[in-house]
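**Q** To start, I am sharing the structure in question, which I have written as structure tokens.
The values are calculated or read from the model by the stated rules, or taken from the named source; none is laboratory data. On a predicted model such as this, the values are computed, not experimentally measured, just so you know. Methodologically, a virtual Cβ is constructed for each residue, glycine included, from the backbone with ideal geometry; neighbour enumeration extends over all protein chains shown.
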């Protein structure tokens, strides 16, 4: 039997985050609204799958990283920069998001927000189902982002040209 544990990223996770982002996205560079960040240096949360023994609370049980959420905090808000699950259908992304929302409320933040691209239909569905609302479409923003991060493909999922950044938010 396995259980999921969500915890803040630690210094010891940085190398894994760098390899994960590079493997998944081809770079550790993240660009949002014209600003570049290095994903492996960001704050965030990691989801772990722990093999739990049914008759004990063994905190030394083997764990496997199965999800990552990276963020950047501001005075009253938090930008979600990446959310990735390595195990589909287990609720990893939702668990990471729930943990972030709880921490954000406890910290007195007023807003969580993110940017996704116009081709990412699964992302738009995921966020809207969780109460995030579309607040802006930044038309042709990806052209500027490609000057910073040339790894961004021209065409994305379902053959849709990647052109626009779509901003979503959730007020807390």
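**Q** What residue, among those in segment 76-91 that are in a strand (DSSP E or B) and more than 16 Å from residue 64 (Cβ to Cβ), is farthest from the chain's Cα centre (by Cα)?
**A** 77
So that you can scan it fast, the table gives a plain yes or no per residue for (1) outside any loop (DSSP other than H, G, I, E, B); (2) out of contact with any strand residue (DSSP E or B) (no Cβ under 9 Å at 6 or more places or on another chain); (3) buried (at least 17 other Cβ atoms within 10 Å of the Cβ):
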position: 93; (1), (2), (3): yes, no, yes
position: 102; (1), (2), (3): yes, yes, no
position: 127; (1), (2), (3): yes, no, yes
position: 135; (1), (2), (3): yes, no, no
position: 146; (1), (2), (3): yes, no, no
position: 158; (1), (2), (3): yes, yes, no
position: 168; (1), (2), (3): yes, no, yes
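**Q** Right, next: Failed condition for residue 20, given (1) part of a strand (DSSP E or B); (2) under 21 Å from residue 149 (Cα atoms), with all others met?
**A** Here residue 20 clears every test but (1).
**Q** When you check residue 7 against the structure, is it in contact with a helix residue (DSSP H, G or I) (Cβ under 8 Å, 6 or more places away or on another chain), surrounded by 12 or more Cβ atoms within 10 Å (Cβ to Cβ), at pLDDT 90 or above and over 30 Å from residue 141 (Cβ atoms), yes or no?
**A** Considered against the rule, which asks whether it is in contact with a helix residue (DSSP H, G or I) (Cβ under 8 Å, 6 or more places away or on another chain), surrounded by 12 or more Cβ atoms within 10 Å (Cβ to Cβ), at pLDDT 90 or above and over 30 Å from residue 141 (Cβ atoms), residue 7 comes out as no.
**Q** Looking at segment 78-89, can you tell me whether even one residue there is in contact (Cβ under 8 Å) with a residue 40 or more places away in the chain and farther than 23 Å from residue 50 by Cα?
**A** So far as segment 78-89 goes, yes, one or more of its residues are in contact (Cβ under 8 Å) with a residue 40 or more places away in the chain and farther than 23 Å from residue 50 by Cα.
**Q** If you scan segment 110-122, which residues turn out to be surrounded by 19 or more Cβ atoms within 10 Å (Cβ to Cβ) and outside any strand (DSSP E or B)?
**A** Our first condition is that a residue be surrounded by 19 or more Cβ atoms within 10 Å (Cβ to Cβ); within segment 110-122, this holds for 112-119.
Passing the criteria: 118, 119.
**Q** Search segment 9-22 for residues that are free of Cβ contacts under 8 Å to residues at least 24 places away in the same chain and pair each with any residue that is part of a helix (DSSP H, G or I) when their beta-carbon atoms are under 6 Å apart and the residues are at least 6 apart or on different chains.
**A** Listed pairs, sorted by first residue: 18/40.
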